[in-house]
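What follows is a short report on a single structure.
The values are calculated or read from the model by the stated rules, or taken from the named source; none is laboratory data. The shown structure was predicted, so the numbers you read here are calculated from the model rather than taken from an experiment. No Cβ is skipped: glycine too gets one built from the backbone with ideal geometry, and neighbour counts run over all protein chains shown. These area figures cover heavy atoms from the full protein model, side chains too; ligands, DNA and RNA do not enter into them. Shrake-Rupley method; radii C 1.70, N 1.55, O 1.52, S 1.80 Å.
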Amino acid sequence: MSLWSRIANAVRADRLSREIDEEIASHMEEATERGRGPAEARAAFGSALRYAEESRDAKLVAWLDSLRADAIFGWRQLMKKKATSAAAVLSLALAIGACTGAFRLIDALLLRPLPVADPGHLYSLARQAFFDGKLQSYDGWAYPAFQKMRAAVKGQAELLAISYSQRTDLTYKSDQEMEKAEVQYVSGWMFGTFGLRPALGRLLTANDDLKPRAHPYAVLSYDYWTHRFARDPNVIGRTFRLSDDLYEIVGVGPRPFTGTETGTMTDIFMPAMMYPGAVHDDWTWHRTLAAVKAGVALEPVRAKLHATSRAFEEERAKGFTDMSKRDIDAFLNQTLVLEPAAAGASGLQSDYRVSLIALGVLVALVLLIACANVANLMTAQAASRAREMALRVSIGAGKWRLVQLVLVESAILACISGAMGAVFAWWSAPFVVGMINPRDNPVRLDLPADWRVLGFGLALTLGVMLLFGLAPALRASAVQPASALKGGDDPHTRRRTMHVLIAAQVAFCFLVLFVAGLFAETFDRLSHRPTGFVADRLLTLDTVAQRDEPQVLWDQVAEHLRGVPGVRSVALAGWPLLSGGAWNRLISVNGAPPGPVLGHFLAVSPGWVDTMRIPLIDGRDFRPSDTWPGVAIVNETFVKQFFNGANPIGQSIATYGDRTCKVVAVVRDAPYRSIREPILPVVYVPFHRTDEHGAPQPQRDGTFIVRTSSANPMALASILRREVPRARPEFRVSNIRTQAELVRAQTLRERLLAMLGLFFAAVALLLAAVGLYGVLDYSVLQRRREIGIRMAIGAQAGSIARLVTVEVFGMVLVGALAGIALGLASVRYIAALLYQVKPTGLEMMALPSAIIMAAALVAALPAVIHAVRIDPVAMLRAD
């Protein structure tokens with residue numbers, strides 16, 4: 001049966017069904033007026049009703065058949081222009097896949113609720129205050145303050161102390177088999193508050209968290225139990241050693257729960273009271289979560305917590321003898337806030353929240369550009385099919401029948417694109433997570449492809465279909481047969497619609513290029529910021545001992561490593577530069593009261609300055625006999641801030657604990673803990689320490705800094721790992737990294753934003769260029785007779801080129817101006833992601849504009865060539 005026969009049959013069936021319905025309604029009304037009840041009337045006309053029901057079934061069958069026919073016809077239409085259809089599918093697939101992949105990341109990190117009871121009532125406690133004119137937030141708490149706050153809101157909320165996840169060294173069988181695991185110290189009542197049940201054994205309880213260091217029990221996560229013990233049920237009762245404590249494994253947690261620190265899968269949970277800092281009122285080592293009871297107002301709970309916290313800090317501040325009243329007031333004037341924590345709380349969330357939202361906006365813009373492209377394609381096709389639509393109307397097709405026809409074709413495009421996009425999203429999200437993974441501490445983010453992701457993908461596909469298909473469908477349904485068969489409506493109206501879409505594409509493309517340029521410039525500036533030391537060929541060996549060991553043993557290990565082939569020099573440090581370690585104190589110079597600026601400290605051995613290749617400006621290096629306190633080396637920034645640039649050699653400095661030392665050297669500046677922050681005033685002190693009686697202090701951990709002769713220092717990693725315990729069996733290497741790796745880790749976020757930003761910028765530019773080409777090609781097609789006439793009366797090629805491009809290039813200019821306005825408006829939202837970049841600078845605005853104009857010229861070239869090659873004679877002879 002032909003398409004036209006199916007259309008005619010469907011129309012006749014529809015008319016017949018309406019006539020039967022009208023007749024039944026009329027007879028029912030007459031029967032009721034004659035005194036018959038509804039049941040009698042229905043019985044009297046039962047056969048008619050059954051016929052009507054059969055008619056409705058026939059209508060459904062006819063509608064389904066029409067859908068099938070439209071799907072076949074739509075597929076044939078797409079196959080007629082394979083190149084155009086493939087371009088539309090690929091652009092949509094890329095955009096849909098990128099959006100779905102971005103949603104997977106945002107959902108996993110920021111939106112997905114924890115698998116606990118009532119996650120919507122979970123909040124994280126933080127303190128906010130203005131420092132250096134900026135509002136800053138900190139979520140660390142001291143355990144004694146936590147205990148007081150918990151008592152203050154008892155009955156209204158349950159507070160939970162949960163330490164920051166730590167990648168820690170532990171041993172199961174012997175001290176010869178050290179391994180790493182992610183551990184957290186948590187309130188014993190955490191599992192009960194969350195409504196969790198054990199997969200094996202039992203979970204921690206409040207009785208396990210009553211006294212400091214009294215209950216060395218541990219619960220394994222299901223994930224850790226699986227990959228470390230292969231779900232061995234005999235794991236219950238096993239022990240492991242962590243620092244000085246021997247822990248007994250009492251249970252395994254439920255499968256879905258991997259901790260509250262999103263981005264980190266906790267391996268082992270232990271009671272908070274087992275943490276050494278639980279008895280210290282100045283150790284802020286844990287987050288505090290509040291599970292607010294249902295029906296309890298949030299503000300009264302926050303007010304009680306704030307008052308209790310401030311009272312605790314005011315009592316503690318009475319012992320601050322080295323701080324001015326202004327500094328104490330600034331310390332106390334902090335506001336406690338409750339931040340929603342249904343999705344957990346982690347540093348990864350705060351670090352990447354704005355980044356992921358920015359990437360989400362970029363991919364949404366790419367999606368809009370792709371939809372505008374396909375909308376232009378559908379509009380052009382609708383123009384070329386105007387006669388077909390007019391013929392369908394003339395033989396009885398209704399308005400919604402034509403809408404269905406065009407929407408089915410759009411649905412085929414959207415479904416194919418959605419399927420291909422799903423594959424891209426499945427691959428892209430783990431790829432992005434892999435890009436932000438430090439090798440020594442990988443991000444472990446759960447990325448399930450569950451109903452949330454599936455629902456988002458389906459909704460996105462439907463939305464895309466309506467976005468690019470609905471307008472052409474409605475336009476096609478409004479066709480006037482007489483006008484269309486005579487040549488159609490004014491083509492300028494359709495071209496104006498396409499031009500508006502081009503302007504929107506260019507505006508969005510400019511915004512993507514502009515933001516990507518800012519991210520790329522930020523990454524370039526950070527990655528080329530001078531570090532003050534030579535990171536190449538440097539290897540850092542984080543080392544721990546079984547117990548506090550005398551300093552002479554640390555020196556023996558260093559001396560042994562110097563004899564390893566391929567090693568040039570070895571030094572000791574408390575931790576590597578740019579590893580995140582920090583130690584700061586208020587500084588007193590020459591006996592004066594401490595100033596408001598904190599000095600930052602790092603313990604290093606003799607030879608460290610030379611091993612790091614940090615230039616020595618004045619003075620001497622440490623000697624083997626030097627100890628802390630005693631002597632110190634300071635950097636240039638320290639000299640500027642504490643000595644006003646004067647020569648500090650021989651001057652004395654002291655911390656608030658009266659640990660006085662004499663400055664013996666000045667070295668060049670080097671970033672301390674982050675490459676993003678300004679250079680800090682740093683004091684380098686001897687690695688060897690003495691107590692107040694002058695007795696040497698043993699140490700448990702430190703870092704060997706090894707400069708190798710190999711361009712690939714990791715080639716020596718396995719050898720050095722074996723040599724450390726060979727020199728002294730008490731020592732173990734817990735982590736090996738290159739200094740270059742630590743430097744690169746400082747720009748992980750910026751590298752991610754720059755790479756993805758440039759990728760999406762290239763995609764957006766390509767889509768915009770393709771869209772521009774399509775509009776110009778359609779314009780030439782619609783105006784070929786006009787062009788032929790102009791050429792016949794003597795128009796030159798330049799005049800034809802201007803005729804074809806002037807309107808579109810005008811819209812490109814309008815779009816670029818709109819893009820500039822959007823770019824300037826977006827700067828304040830991404831300012832925190834930028835580094836030493838001036839967004840309003842001429843170069844940042846000019847580069848995207850130049851790129852877009854160059855792409856527009858390239859896209860316009862084929863259409864111009866096509867126009868100037870039109871044969872005037874052939875056009876004049878055409879109908």
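List of remarks:
- Database remark: amide H of residue 700 closer than 5 angstrom to the amide H of 549 (H placed geometrically; neighbours at sequence offset of 5 or more, or on other chains; Pro and chain starts carry no H).
- Relative contact order for the stretch 652-716, counting Cα pairs under 8 Å that sit 6 or more residues apart, in percent: 12 percent
- Theoretical gain in end-to-end length, residue 71 to residue 825 [0.36 nm per residue, Cα-Cα removed]: 267.1 nm
- In terms of its C-alpha gyration tensor, the stretch 767-868 comes out prolate, because a/c is 1.5 or above and the ratio a/b outweighs b/c.
- Shown here: the stretch 636-719, whose C-alpha atoms stretch 44, 35, 22 Å along the first, second and third principal axes, sorted largest to smallest.
- Near the amide H of residue 631, within less than 5 Å, lie the amide hydrogens of 662, all on another chain or at least 5 residues away, with H placed in the peptide plane.
- For the residue pairs 154/211; 148/180; 318/662; 318/640; 148/318, the alpha carbons lie more than 26 Å apart in 148/180; 318/662; 318/640.
- Added length on full extension, which subtracts the Cα-Cα distance from 0.36 nm per residue, residue 722 to residue 400: 108.2 nm
- Taking GluC sites (Glu not before Pro) across the stretch 690-761, the ones in a DSSP loop with at most 13 further Cβ atoms lying within 10 angstrom of their Cβ are 692.
- Three-way shape call for the stretch 689-752 based on the alpha-carbon gyration tensor, with the a/c threshold at 1.5: oblate
- Under-5 Å amide H pairs with residue 687, H placed in peptide plane, nonlocal only: 604, 605
- Calculated FRET value between residue 644 and residue 137, using beta carbons and R₀ = 30 Å, to 0.05: 0.35
- Between residue 858 and residue 90, the FRET efficiency from the beta-carbon distance, with R0 = 22 Å, is close to 0.70.
- Protection proxy ranking of 632-643, 445-456, 341-352 - average other beta-carbon atoms within 10 Å, highest first: 632-643, 341-352, 445-456
- Relative contact order of the stretch 555-693, pairs being alpha-carbon contacts under 8 Å that are 6 or more residues apart, as %: 31 percent
- Relative contact order of the stretch 174-221: 30 percent, from C-alpha pairs under 8 Å at least 6 residues apart in sequence.
- Accessible surface, per residue, of the stretch 631-775 when the full set of protein chains is kept, probe 1.4 Å, Å²: 39 Å²
- Pairwise centroid distance, computed over Cα atoms, of the stretch 137-180 with the stretch 216-255, Å: 17 Å
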